[in-house]
There are 2 protein chains.
Amino acid sequence: YSEPSPELASKHILTHGIPDRGPNIHVYDNHVLAYDQAKKTPIWVAERITQGHVDGPADRKNIRFKPDPEISTQFSADNLDYLRSGWSRGHMSPAGDNKHSQEAMSQSFYLSNIVPQNLENNAGFWNRLEMYCRELTQRYHAVTIFSGPLSLPSPSDNGKLVVTYPVIGKNQVAVPTHLYKVIIVEDTNSNPVAIGSFIVPNEPIGFEHALTEYQVPLDDVERKTGVTFTPKLDTSHLGNLCEIDSCKLMPKRDFDSYFIGRRLKSAQNRQSFEKAWNELEVKNIPPSQYHIDLYRHKMKEFEEKERKNPEE
Amino acid sequence: YSEPSPELASKHILTHGIPDRGPNIHVYDNHVLAYDQAKKTPIWVAERITQGHVDGPADRKNIRFKPDPEISTQFSADNLDYLRSGWSRGHMSPAGDNKHSQEAMSQSFYLSNIVPQNLENNAGFWNRLEMYCRELTQRYHAVTIFSGPLSLPSPSDNGKLVVTYPVIGKNQVAVPTHLYKVIIVEDTNSNPVAIGSFIVPNEPIGFEHALTEYQVPLDDVERKTGVTFTPKLDTSHLGNLCEIDSCKLMPKRDFDSYFIGRRLKSAQNRQSFEKAWNELEVKNIPPSQYHIDLYRHKMKEFEEKERKNPEE
Ligand SMILES: [Mg+2]
Ligand SMILES: [Mg+2]
């Protein structure tokens with residue numbers, strides 16, 4: 001008698017090869033992920049960011065979302081799946097965590113890093129959570145982040161638990177009911193000091209909700225994803241991120257101000273600049289020094305343009 | 001600049017270990033499987049059976065379903081999840097494919113090989129499909145079979161595709177909407193000659209439905225599971241199993257007769273034997289030679305018992 005083993009199995013049972021679900025991990029310049037060939041979304045996306053990663057000249061202006069060349073088309077989403085689906089393309093490793101490298105940022109637009117995400121959630125609560133992660137790099141040496149989609153059950157009419165989610169496009173990309181993030185912060189000796197795990201519904205979440213409402217034990221995320229995120233790290237001795245740090249997301253006023261700043265910065269002409277500037281008044285936000293500097297800078301830019309192309 | 005690689009990723013990004021979803025495959029005496037730690041069911045279960053496997057003395061009488069000792073309890077189903085759930089414990093590698101070895105049969109009762117299955121489907125259509133696979137071992141040297149669960153979308157009220165499935169028990173075991181089987185038969189030189197792929201809804205399916213109604217291209221099963229089943233075999237040159245062989249499942253009359261035979265054989269006393277025998281008359285099935293032999297054999301057995309324990 002010989003013990004069952006992969007070798008024996010290949011010889012006697014799997015004579016046509018070992019059934020394959022693709023590589024266990026896909027590695028990029030600034031993120032690593034496991035991909036679900038059935039759902040056409042990532043299972044988990046890992047990053048480890050420092051101040052150096054989240055600051056830099058890379059920008060998303062000329063980057064397009066595209067299928068990951070590492071994923072076989074048989075198992076890949078494409079942009080058409082998302083088009084007019086009602087769902088936005090939500091980064092798991094955010095573009096803004098890749099400011100240090102145009103190439104790394106470009107890789108974050110591979111659809112292997114994307115899930116169908118509610119647009120308001122993507123631009124709002126989830127965006128603020130991502131900003132909070134970047135803010136952590138100011139207070140901690142490094143921040144390890146695992147992000148991904150979940151398909152969770154909810155009680156049906158008869159009280160039984162049922163999982164329900166849409167699939168979109170020809171490739172039937174699975175729309176997650178929830179998204180998760182596991183955040184681990186390190187001290188200056190690269191020792192992990194605190195962990196926070198969060199499960200956030202894939203729907204609009206207003207400013208009245210605190211991040212702590214969505215905090216869960218790591219074990220919850222592990223059971224629901226089937227993933228053990230840190231096999232080499234016993235997380236039980238780590239502090240609670242929301243006690244050690246604040247877990248406070250950017251308040252509405254600052255968030256609005258930040259967004260208007262982005263619109264001012266990207267404005268291509270006086271008209272759209274003034275439209276954004278007007279938002280400051282409508283929302284009763286006093287222009288910050290940043291806004292005022294932008295005003296001077298952009299006005300010069302527009303005058304320059306007008307001198308060059310007086311017809312336009 | 002160095003190319004992204006698992007080694008680099010482990011050094012710079014995955015400093016706490018590579019997130020783990022469990023072993024890629026689990027190997028047993030007579031089956032191999034990949035396990036879904038999120039759904040607490042197998043993803044695929046592979047067997048390669050011959051006449052020698054499906055015939056023998058092993059029996060399921062004293063075997064109990066149990067959690068697979070290879071699966072961490074954090075990610076395992078248990079029997080309580082199924083209890084009073086309304087769903088039966090459906091084998092993917094069927095007990096009856098392991099008649100040659102009590103140990104192999106026992107391993108087929110690990111919950112890693114089990115999915116929540118509609119009881120009528122399990123005892124009826126799916127059972128007949130399994131019988132058909134065993135029947136194929138009489139005409140072919142070997143039969144490779146991949147079986148597993150699927151969560152497939154269906155159109156919702158607004159016409160959009162939605163996946164809906166219950167989860168059962170404390171461990172939230174996912175109830176599949178469908179089950180699949182991929183069957184490859186080999187000639188006497190162990191060359192694969194034909195393939196048949198089937199997707200069967202996890203619901204009662206009557207005798208009026210032919211197996212061919214559920215036949216699909218292999219590519220369909222691959223896209224929906226995310227699995228490439230035979231990486232070493234180009235299946236495009238293989239024949240269609242349902243053209244080369246019959247794909248005919250056992251008709252109702254034979255199926256009833258077979259089941260009554262099983263009840264007669266397992267009867268522990270005259271009363272339950274006679275109840276089963278009465279079924280033959282009710283269903284207007286003339287007793288086969290097998291039934292008649294059982295009658296003689298069991299009557300002797302009961303008389304023996306009564307002589308030994310006249311009080312009972
Ligand atoms: Mg986003
Ligand atoms: Mg069964």
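Listed residues A:SER93, A:SER85, A:SER72; which is in contact with an Asp or Glu (Cβ under 8 Å, 6 or more places away or on another chain) and modelled with pLDDT of 95 or more?
On the way: A:SER85 fails: in contact with an Asp or Glu (Cβ under 8 Å, 6 or more places away or on another chain); A:SER72 fails: in contact with an Asp or Glu (Cβ under 8 Å, 6 or more places away or on another chain).
It is A:SER93.
Tell me which strands (runs of 3 or more DSSP E) are completely within the range A:18-114 and hold 2 or more residues being among the small types (Gly, Ala, Ser), or say none if there are none.
A:88-91
Taking the stated definitions as given, is A:VAL193 buried (at least 23 other Cβ atoms within 10 Å of the Cβ) and more than 7 Å from chain B (Cβ to nearest Cβ)?
Details: buried (at least 23 other Cβ atoms within 10 Å of the Cβ): no; more than 7 Å from chain B (Cβ to nearest Cβ): yes.
Considered against the rule, which asks whether it is buried (at least 23 other Cβ atoms within 10 Å of the Cβ) and more than 7 Å from chain B (Cβ to nearest Cβ), A:VAL193 comes out as no.
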#### Entry: For A:LYS170: the one exception among (1) under 30 Å from B:HIS12 (Cα atoms); (2) in contact with an Asp or Glu (Cβ under 8 Å, 6 or more places away or on another chain)
(1)
### Message
Looking at the range A:224-235, I want the residues that are among the charged types (D, E, K, R) and have a partner that is surrounded by 16 or more Cβ atoms within 10 Å (Cβ to Cβ) with Cβ atoms under 7 Å, at least 6 apart or on another chain. Which pairs are those?
### Response
A:LYS224/A:LEU150; A:LYS224/A:LEU152; A:LYS224/B:ALA38; A:LYS232/B:HIS16
### Which numbered condition A:PRO176 fails, given (1) within 18 Å of the chain's Cα centre (by Cα); (2) in contact (Cβ under 8 Å) with a residue 40 or more places away in the chain; (3) away from chain B (no Cβ under 14 Å)
(3)
### Task
Of the numbered conditions (1) more than 16 Å from ligand 1 (Cβ to nearest atom); (2) free of Cβ contacts under 8 Å to residues at least 60 places away in the same chain; (3) more than 14 Å from chain B (Cβ to nearest Cβ); (4) not in a loop (DSSP other than H, G, I, E, B), A:GLU208 fails exactly one; give the number of that condition.
(4)
### Task
Would you be able to say whether some residue in the range A:297-311 is loosely packed, with under 15 Cβ neighbours inside 10 Å and closer than 24 Å to A:GLY124 by Cα?
no
### Task
Answer yes or no as to whether A:LEU152 is within 13 Å of another protein chain (Cβ to nearest Cβ), more than 18 Å from A:ALA34 (Cβ to Cβ) and either touching a Gly at 6+ places or on another chain (Cβ under 8 Å) or away from ligand 2 (no atom under 16 Å from the Cβ) (or both).
yes
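Rundown of residues vs (1) buried (at least 24 other Cβ atoms within 10 Å of the Cβ); (2) more than 9 Å from chain A (Cβ to nearest Cβ), yes/no style:
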{"residue": "B:SER5", "(1), (2)": "no, no"}
{"residue": "B:HIS16", "(1), (2)": "no, no"}
{"residue": "B:ASN24", "(1), (2)": "no, no"}
{"residue": "B:HIS31", "(1), (2)": "yes, no"}
{"residue": "B:PRO42", "(1), (2)": "yes, yes"}
{"residue": "B:ILE49", "(1), (2)": "yes, yes"}
{"residue": "B:ALA58", "(1), (2)": "no, yes"}
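Give B:ASN158, B:ASN127 a once-over and let me know the one that is at pLDDT below 95 and over 15 Å from B:GLY196 (Cα atoms). Lay out the reasoning, then the answer.
Values: B:ASN127 fails: at pLDDT below 95.
On inspection, the qualifying residue turns out to be B:ASN158.
Being crowded, with 19+ Cβ neighbours inside 10 Å, of a type in the set (Asp, Glu) and within 20 Å of the chain's Cα centre (by Cα) is true for just one of B:GLU222, B:GLU213. Which residue is that? I'd like the intermediate steps shown before the answer.
Values: B:GLU213 fails: crowded, with 19+ Cβ neighbours inside 10 Å.
Only one candidate qualifies: B:GLU222.
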### Query
So A:THR188 fits all but one of (1) modelled with pLDDT of 95 or more; (2) surrounded by fewer than 23 Cβ atoms within 10 Å (Cβ to Cβ); what number is the exception?
(1)
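Which residues, counting only those in the range B:115-128, are in contact (Cβ under 8 Å) with a residue 60 or more places away in the chain, assigned to a helix (DSSP H, G or I) and near ligand 2 (Cβ under 10 Å from one of its atoms)? Step through it out loud before you land on a result.
The first filter runs over the range B:115-128 and keeps only residues in contact (Cβ under 8 Å) with a residue 60 or more places away in the chain, leaving B:115-118, B:120-121, B:124-126, B:128.
Applying the additional criterion that residues be assigned to a helix (DSSP H, G or I) yields B:120-121, B:125-126, B:128.
Matches in the range B:115-128: B:ASN121, B:TRP126.
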### Task
Would you mention how many residues in the range B:88-98 are more than 11 Å from ligand 2 (Cβ to nearest atom) and surrounded by fewer than 22 Cβ atoms within 10 Å (Cβ to Cβ)?
0
### Query
Considering the range A:131-145 alone, what residues qualify as being more than 11 Å from A:VAL54 (Cα to Cα), in a helix (DSSP H, G or I) and within 16 Å of ligand 1 (Cβ to nearest atom)?
A:TYR132
### Task
Say whether the condition of being over 22 Å from B:ILE168 (Cβ atoms), within 16 Å of ligand 2 (Cβ to nearest atom) and among the polar types (S, T, N, Q) is met by at least one residue in the range B:59-81.
no
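The values are calculated or read from the model by the stated rules, or taken from the named source; none is laboratory data. Here the structure is a predicted model, which is why all the values come from computation and not from measurement. For neighbour counting, all protein chains shown are included, and Cβ atoms are generated from backbone atoms with ideal geometry for every residue, glycine included.
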